[in-house]
1. Sort through Val90, Val103, Val56, Val30 and tell me the only one that's touching a Ser or Thr at 6+ places or on another chain (Cβ under 6 Å) and within 23 Å of Pro11 (Cα to Cα).
2. Would you mind finding the one in Arg22, Arg43 that is outside any strand (DSSP E or B), on the phi < 0 side of the Ramachandran plot, touching a Lys or Arg at 6+ places or on another chain (Cβ under 8 Å) and open to solvent by 40 Å² or more (accessible area, probe 1.4 Å)?
3. Give Arg81, Arg73 a once-over and let me know the one that is farther than 29 Å from Phe153 by Cβ, free of Cβ contacts under 8 Å to residues at least 24 places away in the same chain and among the basic types (Lys, Arg).
4. Considering only the range 69-87, state which residues are open to solvent by less than 20 Å² (accessible area, probe 1.4 Å) and closer than 24 Å to Leu15 by Cβ.
5. Go through the range 51-68 residue by residue and tally those that are surrounded by fewer than 15 Cβ atoms within 10 Å (Cβ to Cβ) and modelled with pLDDT of 90 or more.
6. Assess whether Val100 counts as being out of contact with any strand residue (DSSP E or B) (no Cβ under 8 Å at 6 or more places or on another chain) and either open to solvent by less than 60 Å² (accessible area, probe 1.4 Å) or modelled with pLDDT of 95 or more (or both).
Amino acid sequence: EAGKVDMAIGPLPELKAGFFQRRLFRQRYVCLYRQGHALDRARLTLADFKAADHLVIVSAGTGHGKVDDLIRRAGVERSVRLTIPHFVSVGHLLQGTDMVATVTERLAESLAEPFGLAFRPHPIALPEVAINVFWHAKVHRSPAHQWLRGLLFELFGESAA
């Protein structure tokens with residue numbers, strides 16, 4: 001609201017009044033781990049998931065925390081070995097450990113090759129998450145901001161995929 005951020009991207013349920021939003025894309029959650037991990041096989045079972053050590057990302061103020069609630073509601077108690085506040089270090093942490101992380105598929109795709117990671121569909125039926133772009137009403141009609149939003153949707157929107 002102070003105008004210090006041009007736009008925000010992600011599942012941000014706390015942003016409501018005074019903001020515009022548009023869906024960038026939808027994606028599913030997957031399990032991400034290092035190649036060669038005991039889970040690195042054709043199918044990941046619920047029993048395998050429950051038995052694994054977990055890396056949990058607690059990204060305050062985003063909708064990603066809801067996935068942890070859904071996992072708990074599915075009756076799954078995870079052995080959480082490490083909790084981190086953001087996604088930046090996920091690749092580095094997983095490549096050298098036997099932990100598994102529940103992340104969005106596009107993140108998993110971007111981390112797999114550079115960090116030697118693999119991912120599989122999640123064994124719990126989790127809903128897809130909407131990744132939205134948010135911007136304040138103050139910049140809604142700004143030609144520069146309209147151009148930036150258009151470029152963002154052209155490069156990363158569902159139709160670009």
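1. That would be Val56, the only listed residue that is touching a Ser or Thr at 6+ places or on another chain (Cβ under 6 Å) and within 23 Å of Pro11 (Cα to Cα).
2. Numbers: Arg22 fails: outside any strand (DSSP E or B).
Exactly one of Arg22, Arg43 is outside any strand (DSSP E or B), on the phi < 0 side of the Ramachandran plot, touching a Lys or Arg at 6+ places or on another chain (Cβ under 8 Å) and open to solvent by 40 Å² or more (accessible area, probe 1.4 Å), namely Arg43.
3. Only one candidate qualifies: Arg73.
4. Matches in the range 69-87: Ile84 only.
5. 2
6. No; evaluated as a whole, the condition is false for this residue.
The values are calculated or read from the model by the stated rules, or taken from the named source; none is laboratory data. Since this is a predicted model, take the numbers as computed values, not measurements. A quick note on method: Cβ atoms are made from the backbone with ideal geometry, for glycine too, and the neighbour counts reach across all protein chains shown. When the accessible area is computed, the model is the full protein with side chains, heavy atoms only, and any ligands, DNA or RNA have been set aside. Shrake-Rupley method; radii C 1.70, N 1.55, O 1.52, S 1.80 Å.
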